[in-house]
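Worksheet: one structure, shown below.
The values are calculated or read from the model by the stated rules, or taken from the named source; none is laboratory data. What you see is a predicted model; the values in this text were computed from it and never measured. In this analysis, Cβ positions are derived from the backbone assuming ideal geometry, glycine residues included, and neighbour counts consider all displayed protein chains.
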Amino acid sequence: MRRLLKSSTLDLMARPWFSQLLSRIGGHRCAILMLHRFQRHGSTEERHDPQALRRLLAGLRQGGVALVDVDDVARGRTDGVELSGSSRISVAFTVDDGYADLMEVAAPIFAEFDCPVTGFVVPDVVARHRWYWWDQIDWILRHAKSSSIPTELGGTPYALEWATALERHSVQRRLGERLKRESPRSLAEFIDQLSQVADVPVPGQAPPEYATLTWEQLRSAERAGVRFGAHSMTHPILSRCDDMQAAHEVVESVRQVRSNLARPSEVFCYPNGLSGDFGARERALVREAGAQAALTSIPALVRYRGKEPAEMEQVFALPRFAYDERPGGVARMLLG
Ligand SMILES: [Zn+2]
């Protein structure tokens, strides 16, 4: 453990020169970080490493960086309020998709450092009406007896082939990126096809490794200090939905999160969240749903320049960095 701490350059955050450098940065800025799944004990999955998270939080605390609630980031912007007293730099942590490992693995670490964390959940998945399509694909490929699966996508052959688990991960990642652009109907058809060709049935309910938090578990997580906001009803790319579905995805998910939870986040989170995945219609829907702000996945710092109309509009498209646990990753975001 000692050696691990020493070997990591993440602890540069704790060094005096780093704090001095931060104090010279002009203007208040905040990095909102986006995380997903965490490694359970002994697992070697491509997920966030709990020890790296602990080292980062220790470094941020020692470096005097304010760890803030994303709802306060939104309010700080809308009200033009200074966020964190004397500290001019802050970091907010968000965890998307509501997997159970947020509470099993990460929440105790955030609590150890008294760091606010907000999860974003998908009510149809919370209620067990569906499970995520990317997990269904993961399930099929993991259980396929052959590592060569001929499929068809958009009318052309699309062969899935791999030799090692690492190769399967990259095949899966490429397929996932491609499928994000498909309509919900053709996505469902593709999964049916894949399940048949690979001869792996897809269970009606998510198997334990893909478990997400139920409403009951979300309420008990709230009592442990974690907050939750809405992330759409079914996790589609909203700009690809027709007007009626887009309205349902945004407004109904905000409504369900509010009605099921005691202290819901007033921030909405766009699925996928890159430019082109949401637009003026989605921003208007978030506002109509009564949420105070919305998060994207467009990597940039939130900068505070007072309360101007242009800034107000930005509140419904706050930038956010994908969490980078490589040495110095978060430091680079803060300084960028
Ligand atoms: Zn998501």
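Things worth noting here:
- Counted residues, the stretch 121-135 - those being out of contact with any helix residue (DSSP H, G or I) (no Cβ under 9 Å at 6 or more places or on another chain) and within 16 Å of the ligand (Cβ to nearest atom): 1
- Top-ranked residue of the stretch 255-291 - restricted to ones that are under 21 Å from VAL117 (Cα atoms) and of a type in the set (Ser, Thr, Tyr), ranked as farthest from the ligand (Cβ to nearest atom): SER259
- Given (1) surrounded by 13 or more Cβ atoms within 10 Å (Cβ to Cβ); (2) in contact (Cβ under 8 Å) with a residue 40 or more places away in the chain, number of the condition LEU160 does not satisfy: (2)
- All positions within the stretch 48-72 that are at pLDDT below 85 and out of contact with any Lys or Arg (no Cβ under 9 Å at 6 or more places or on another chain): GLY64, VAL65
- Count of residues meeting criterion [surrounded by fewer than 19 Cβ atoms within 10 Å (Cβ to Cβ), over 25 Å from ARG223 (Cα atoms) and charged (D, E, K, R)] in the stretch 249-308: 7
- Beta carbons closer than 9 Å, at least 6 apart along the sequence or on distinct chains, pair a first residue in the stretch 181-198 that is at pLDDT 95 or above with a second that is among the basic types (Lys, Arg) and not in a helix (DSSP H, G or I) for ALA198/LYS145.
- Matching residues in the stretch 222-231 - criterion: being within 11 Å of the ligand (Cβ to nearest atom) and in contact with a Leu (Cβ under 7 Å, 6 or more places away or on another chain): none
- Among the residues listed as LEU218, LEU238, LEU194, the single one being crowded, with 21+ Cβ neighbours inside 10 Å and more than 18 Å from the chain's Cα centre (by Cα): LEU194
- Single unsatisfied condition, ARG227 versus (1) free of Cβ contacts under 8 Å to residues at least 12 places away in the same chain; (2) surrounded by 15 or more Cβ atoms within 10 Å (Cβ to Cβ); (3) touching a strand residue (DSSP E or B) at 6+ places or on another chain (Cβ under 7 Å): (1)
- Selection count, the stretch 154-164, where residues are over 21 Å from PRO236 (Cα atoms) and in a loop (DSSP other than H, G, I, E, B): 4
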